[in-house]
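The values are calculated or read from the model by the stated rules, or taken from the named source; none is laboratory data. Small disclaimer: the values here were computed from a predicted structure and weren't measured. Cβ atoms come from the backbone with ideal geometry, glycine included; neighbour counts cover every protein chain shown.
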Amino acid sequence: MRIDETNLAIIRHLRDGRKSFKRIAEEMGLTENTVRTRVKKLVEDEVFDISGQVNPEAIQGHQVVMIGVRLQNMDLVKRGEEFSKLKGVVSVSVVTGRFDLMLVVLLKDDYDLLQFYTEEVSRVHGVESVETFVVYKSFNLRVPYIF
């Protein structure tokens, strides 16, 4: 899908995901149907998603950790997809640097980091090492509530 200036403007308007298509259309000088059609296409093509996000620090009993993963081989995409399906994983990125993958994980008090490693990470073959970064304070970090 081609992302033109109109699509980018619609995406900027939808930073507030509650903003109506009618209001966006009025502000942009478009028809409501044009906005609705473009948003539908952006979502279908997985360019854009409208979702509620939470500040994990505001929800008691939740913790965000970032985990750097070093793999034994260069099957980055396959392993990344495997990690993305594990309980608690918010996102997985293939990265440069000393790690091959970076994970953002949301944990609850009743499902701690040790359980995540022993019950989830242990199922993924080819992990050479991991390094955990516990998020104590974040700025502008929002994640989908996945529990």
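One table, with the values for the structure above:
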| quantity | calculated |
| --- | --- |
| Residue match in the stretch 48-57 (condition: over 30 Å from E131 (Cα atoms), at pLDDT below 95 and not acidic (D, E)) | yes |
| L8 being in a helix (DSSP H, G or I) and in contact (Cβ under 8 Å) with a residue 40 or more places away in the chain | no |
| Scan of the stretch 9-43 for residues that are exposed (fewer than 12 other Cβ atoms within 10 Å of the Cβ) and closer than 27 Å to F147 by Cβ, ordered by number | R15, D16, G17, R18 |
| Subset of the stretch 121-141 [touching a Leu at 6+ places or on another chain (Cβ under 6 Å) and over 16 Å from L71 (Cβ atoms)] | none |
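A quick yes/no check of all residues on (1) out of contact with any helix residue (DSSP H, G or I) (no Cβ under 6 Å at 6 or more places or on another chain); (2) modelled with pLDDT under 95; (3) farther than 18 Å from Q63 by Cα:
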{"site": "K87", "(1), (2), (3)": "no, yes, no"}
{"site": "G97", "(1), (2), (3)": "yes, no, yes"}
{"site": "D110", "(1), (2), (3)": "yes, yes, no"}
{"site": "F116", "(1), (2), (3)": "yes, yes, no"}
{"site": "N140", "(1), (2), (3)": "yes, yes, no"}
{"site": "P144", "(1), (2), (3)": "yes, yes, no"}
